[in-house]
Amino acid sequence: MKVSLGRYVPAKSLFHLADPRTKIIWTIVMMVFVLMCRNWIEYTIAGVFIVGCFIASRISFKFILQSLRPILVILIITSLFNFLFYHGAHVAFFIGSKPIYFESISMSIKTVLRVTMLVVSASLLTYTSTPVAITDGLESLMRPLTVLHVPVHEIALMMSIALRFIPTFADETDKIIKAQAARGAEFDSGNVFKKIKSYIPVLIPLFIAAFRSAEEMSTAMEARCYRGGKGRTRYKVLKFSASDVIITVLTVIFFTSIILLHIYIRKDISVSHIFINNF
Amino acid sequence: MKENDKSFIIFDDVTFSYGDPENNSSEELDGTSGNSSGDSFASTFDGSSYSERPKEAVKNVSFTVDKGEFVAVIGSNGSGKSTVAKLMNGLLLPQSGTVISAGYNTANEDTIWEVRRLVGMVFQNPDNQIISTSVEEDVAFGPENIGVPRDDMIKRVDEAMKVCGVMDLRKCEPHLLSGGQKQRVSIAGILAMRPSCILLDESTAMLDPKGRKSVLETVKKLNKEEHITIVLITHHMDEIIEADKVIVMDKGSVVKTGKPSEIFSDKKLLSDLSLELPPAASVFDSVDEFDFGETVLSPSRGTEVLLNLYKRSIS
């Protein structure tokens, strides 16, 4: 059984080659600025930038849609609420006796765009970096926290061991399911509760196996001189490359343009204005 | 360092039992130590002896392992052979007697990490000793722990992977490897720490014949070319043929020590411990009518013996 971890899509692109730390910071910056966007110019800049990044990452459009699927319901509900209940000054049309404003139309579109951009920029990180790379990046970024006695090395080690064992335990689960099925266990009959209950004979041996593995692994680690993060050197070192510089420069340009727009254009340029001016 | 010239590991009248409340390290390991804890479990769950103190997993054991030697430890389940291995690198500490490994007393806390660096250990289950998410990082785990500078580490890791024949797998994820490959990665991981001795605690027990062969070949190569002391703990009789010395254990004590041929010619011992002869040996052994004049252990030696006989018969 082959299990793929995370949602990593292998490719060679600007984003794939970049350091995970750059991508993590990029994601955080994008999220902050998407939330800061107010008017249509800012939304357009943010949207163009994110779309540009996605093209640069060579992730196919199919995957972007896939990442949006889980939040589809949230998108529909929030945009519907905004559409129906947001109060503005300019009535566009009536549904029955309920007035729909230009502002509410623009608001619901903005909400959809905002949530979409948030999710898409976060998924760019997970599509272009392996979970191990993300762990390494987080460890490196969180290292200053050791001053505050945050066990950064231990957290990172736990994460990477967990990642290492997911496929192993997936195999183990597969074996246990087959072993229990051979003893006459049924896994796909009855209602939901019965189905959940039928997995107990799988989970208990799995837990026992996991505990045993943990115990054996700690002995093995001790035998290989592991004694915590102190005095440890590192084999794998994260390095910034040209692609990191490119991403950083582009992000800084984006960053400043949004900030400048925020300062100079205070007035909300919304659809209603454009509509009204044109009418 | 109170190391004498030849001996690398010295067991002096060592006794150890699991489940002794005074010994903390045994509590930690109880229940996971496989074969060796079988004894204490048997007595713990045996109704009649429930209140008795668990009997010793290892009792008054004394032996030495010389530098550069290939030593095999055999014995059936519960004979204490895994406990002996864990005593060698200080994962367990003896309740009485002393264990001197690489010149250091394993009971000395100041030098325990030096002992573990010099005496590496490969365990039985290949899955539970690979820590990192790729082969090369796992090989680097030991050197990272002992603080080897990065440039030196890269050299060591490459060397170790080359010797163990896992160079092509360096970027591989561990769960995609076969059992034999995993064990060779583990050996490489120990080798990268530049040890003087490698303990293999039933490391071939969970492997298929092909994987077993590859691991044994690697180990033999290390012994011959790198002069690394090997302690091979096993219950496969055919693995001990090429050992310099065999230590036979039963019920926590050493029953016999000697060359493989001496062990195999001791019919009473073999039948008492229900140990099986390797295939070639049992073929030659089954010929009662003729005395070959020696205990034949391997097929190649058997061919030589037969050829000599043939030559003698025509001349």
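The values are calculated or read from the model by the stated rules, or taken from the named source; none is laboratory data. These numbers come from a predicted model, not from an experiment. Neighbour counts are summed over all protein chains in view; Cβ atoms, including those assigned to glycine, are modelled from backbone coordinates with ideal geometry. Just so you know, the surface numbers come from the protein's heavy atoms only, side chains and all, with ligands and any DNA or RNA stripped out. Shrake-Rupley method; radii C 1.70, N 1.55, O 1.52, S 1.80 Å.
The GNM of chain A, with springs linking C-alpha atoms under 10 angstrom apart, assigns the highest mean-square fluctuation among A:ILE105, A:ILE59, A:ILE176 to A:ILE176. Ignoring lysines fewer than eight residues from B:LYS86 along the same chain, the ones with Cα atoms less than 16 angstrom from its Cα are B:LYS59.
With N denoting the number of residues in the protein assembly as shown, provide Rg(C-alpha) divided by 2.2 N^0.38 Å, to two decimal places.
1.32
Helix screen, chain A: DSSP H segments with Cα axial length of 27 Å or more and mean Kyte-Doolittle hydropathy at least -1.0 are A:102-128, A:152-182, A:200-223, A:242-264. Which residue fluctuates the most in chain A, going by a Gaussian network model with Cα springs under 10 Å, if the choices are A:LEU206, A:LEU65, A:LEU148? Among A:LEU206, A:LEU65, A:LEU148, the largest mean-square fluctuation in the Gaussian network model of chain A belongs to A:LEU148.
Accessible area per residue was computed with a 1.4 Å probe on protein heavy atoms; A:PHE187 scores about 30 Å². The mean accessible area for residues of the stretch A:159-238, using a 1.4 Å probe and ignoring ligands and nucleic acids, is 61 Å² per residue. Using θ = phi - 60° in the Karplus curve 6.51 cos²θ - 1.76 cosθ + 1.60, the 3J(HN,Hα) couplings for the stretch B:102-116 round to 6, x, 10, 6, 5, 6, 7, 5, 5, 10, 4, 6, 5, 4, 5 Hz; x is entered for Gly and Pro.
Beyond 29 Å in Cα-Cα separation lie the following of the pairs A:LYS175/B:LYS210; A:LYS23/A:LYS175; B:LYS6/B:LYS256; B:LYS81/B:LYS171; B:LYS171/B:LYS213; B:LYS81/B:LYS182: A:LYS23/A:LYS175; B:LYS81/B:LYS171.
Taking the stretch A:114-215 on its own, what percent of its Cα-Cα pair distances exceed 16 Å? Beyond 16 Å sits 71 percent of the P(r) for the stretch A:114-215. For the pair B:GLU262 and B:LEU176 in one chain, pulling the backbone fully straight at 0.36 nm per residue adds 26.8 nm over the alpha carbon distance.
Which stretch or stretches of the stretch A:95-138 have amide N atoms under 14 Å from the point lying 7 Å from A:LEU145's Cα along the Cα→Cβ direction? The answer is A:135-138, whose backbone nitrogens lie closer than 14 Å to the label point. Annotation for the stretch A:22-43 versus the stretch B:157-172: alpha-carbon center distance of 44 Å.
The residues B:CYS172, A:CYS53, sorted by heavy-atom accessible surface at 1.4 Å with ligands and nucleic acids left out, run B:CYS172, A:CYS53 from largest to smallest.
Rounded to the nearest 10 square angstrom, A:MET159 shows an accessible area of 80 square angstrom against a 1.4 Å probe. What base-10 log of the normalised intensity I(q)/I(0) is obtained for the stretch A:1-105 from the Debye formula, alpha carbons as equal point scatterers, at q = 0.24, 0.25 Å⁻¹? One equal scatterer on each Cα of the stretch A:1-105 leads to -1.41, -1.43. The Kirkwood radius of the stretch A:159-238, taken over pairs of alpha-carbon atoms, gives through the Stokes-Einstein law at 37 °C and 0.692 mPa s a diffusion coefficient of 213 µm² s⁻¹. Where only DSSP H runs of four or more residues are counted, chain B gives -11000 deg cm²/dmol as its mean residue ellipticity at 222 nm, each run worth -39500 (n - 2.57). Computed over chain A with a Gaussian network model linking Cα atoms closer than 10 Å, the most mobile of A:SER243, A:SER121, A:SER189 is A:SER189. For the segment A:207-219, counting C-beta atoms of other chains within 10 Å of every residue's C-beta and taking the mean gives 4.
Taking all protein chains together and a 1.4 Å probe, the residues A:TRP26, A:TRP40 rank A:TRP40, A:TRP26 from largest to smallest accessible area.
Per-residue SASA remark: B:LYS251, around 140 Å² accessible (1.4 Å probe; ligands, DNA and RNA not included). Accessible-area rank, largest first, for B:VAL287, A:VAL29, A:VAL192: A:VAL192, B:VAL287, A:VAL29, with all protein chains present and a 1.4 angstrom probe. Multiplying each eigenvalue of the alpha-carbon gyration tensor of chain A by 5 and taking the square root yields semi-axes of 45, 30, 16 Å, largest first, rounded to whole angstroms. Note on B:123-136: average number of Cβ atoms from other chains within 10 Å of each residue's Cβ is 6.
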